[in-house]
Amino acid sequence: MTRPPAELGIDLMSGAFFGGDPYPAFDWMRRHEPVFLDEANGLWALAAYRDVKSASTDTATFSNAGGVRPRFPPLPMMIDFDAPEHVRRRRLVSSGFTPARVRAMEDHVRRICDDVIDRVCELGSCDFVTDIAAPLPLAVIGDMLGVDPDDRADLLRWSEDMLRSQGVMTDEAVTGAMRAFAEYTEYMEPVLEARRRTGSSDDLVGILVHAEIDGDRLDRDSLIHETLLILVGGDETTRHVMSGGMEVLLGHRDQLERLRRDRTLLAGAVEEMLRWVSPIKNMVRTVTTDTRIGDRELKAGDEVLLLYPSANRDADVFDEPDRFDITRSPNPHLAFGFGAHFCLGNQLARLELRVMLDRLLTRLPDLDLAGPGPFPRRQANFITGIESMPVTFTPTSP
Ligand code: HEM
């Protein structure tokens, strides 16, 4: 095995590694050790596009049932199950995410985007993350779950505190995550009870409460975790693509101008933003049976990280992968994963990103960074992105 240079700082458990600039390390892995063993943590990682894709497809050998976070037990939510339980659970809510259902939400999403912009447009400056990128997915997913708009700030705080602890094992981070989970559970109990009482299935929480799987209802723990998966999956990820995508667009003025003039390029721009940012840094699979990838032998029980951002910069698949290009075609990125667990919310995220970008180009046409980067990024080993990005624009009325 070729050992990586120490300065690459490869540590697959570390929030600082994923939250910093892991791309030089990914590049090294793809060239030298695409099936990489992090000996200190006892974890494998797949860095090449072809391996991430084939492990995602081969669910018999690469199982989700051991959980999707490294060294962390599985939780009662769809992503931590294999078929057939995975399929049953996913089906309960998948009707809320079909392309037709999502298309029908476009006007609603546009209204939320305009509300978000209305709140800052007279100010001439704001924090892009806190004021623009974060509120949109939170409002969309909060409405789908059926939570009171007044409670959104709490949901945001809990989901942030839970994710902040991923890869940062300080007492403060761990206590913060535990407290956030306890508060979320306490908040959800009466919400679940209210759906039980009214019999309402008008929103995703109601659908989950009343859903029957082979005559059984989901238990309390499952309801808490399934709703949490949808909340965190929908909220943190989309926000990071919005902010990281805007940062890279503002650094490529020619492409920004093309986009402003020709909105038919929006969908392609969103795909490139997804490839570029890849906010989910990895998911874990557990090897079920001794298996070989390339010249590496993996043993049953080993944990393997699928490195999506690395796969998305693989030169075997993407021409000049380190070039940001809103007209890249084809763009078969793996930011939403691949195979049985392919992101349930992918159409919704794409819609939110396209509509918000469109509204920003129209309503805040000279939006720009208030100062040079780099901007602080969340130091976490799971979902990371920019935490704060001050911007300015010419004030307008709502
Ligand atoms: C830019 C935004 C998003 C990104 C990059 C993203 C990425 C991902 C990835 C990488 C996976 C794992 C796929 C795999 O293992 O193959 C996933 C699964 C999932 N995502 Fe997303 N996601 C996003 C937005 C959303 C939204 C908006 C929702 C819901 C409102 C959502 C809900 C889910 C759920 C429920 C799963 C689990 C699916 C399963 O296990 O079958 N995601 N997502």
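Nothing in this text is a laboratory measurement; each read-out follows from the coordinates by a stated rule. Owing to the predicted nature of the structure, the values given are computational and were not obtained by experimental measurement. Cβ sites come from the backbone with ideal geometry, for glycine too, and all protein chains shown count toward neighbours.
Observations on the model:
- Computed from the C-beta positions of HIS252 and SER329, the FRET efficiency with R₀ = 25 Å rounds to 0.90.
- P(r) histogram, all alpha-carbon pairs of segment 202-273 included - 5 Å bins from 0, percent: 3, 13, 17, 14, 9, 8, 9, 10, 8, 5, 2, 0
- Qualifying trypsin sites (Lys or Arg not before Pro) in segment 245-332, DSSP loop, other Cβ atoms within 10 Å at most 15: LYS299, ARG323
- For the chain, the relative contact order comes to 29 percent (Cα pairs under 8 Å, sequence separation of at least 6).
- Over all pairs of different C-alpha atoms in segment 15-65, the reciprocal of the mean inverse distance, the Kirkwood hydrodynamic radius, equals 12.1 Å.
- Take the Cα of ARG101, step 7 Å toward its Cβ, do the same at ALA315, and the gap between the two points is 4.3 nm.
- The order of GLU226, GLU106, going from fewest to most other C-beta atoms within 10 Å of their C-beta, is GLU106, GLU226.
- Using the Cβ-Cβ distance between ASP148 and ASP295 with R0 set to 56 Å, the FRET efficiency works out to roughly 0.50.
- Extension gain, ASP214 back to SER201 (0.36 nm per residue minus Cα-Cα distance, nm): 2.8 nm
- Stretching THR185 away from ASP366 to a fully extended chain increases their span by 60.9 nm, per 0.36 nm per residue minus the current alpha-carbon distance.
- Added length on full extension, which subtracts the Cα-Cα distance from 0.36 nm per residue, SER94 to ASP358: 92.3 nm
- Computed with the Debye formula from one identical point scatterer per Cα of the chain, without solvent, the log10 of I(q)/I(0) at q = 0.11 Å⁻¹ comes to -0.82.
- Label sites at MET1 and ARG157, each approximated as a point 7 angstrom past Cα along Cα to Cβ, lie 4.4 nm apart.
- FRET E, pair ALA16, ASP322, Förster distance 30 Å, beta-carbon r, rounded to 0.05: 0.85
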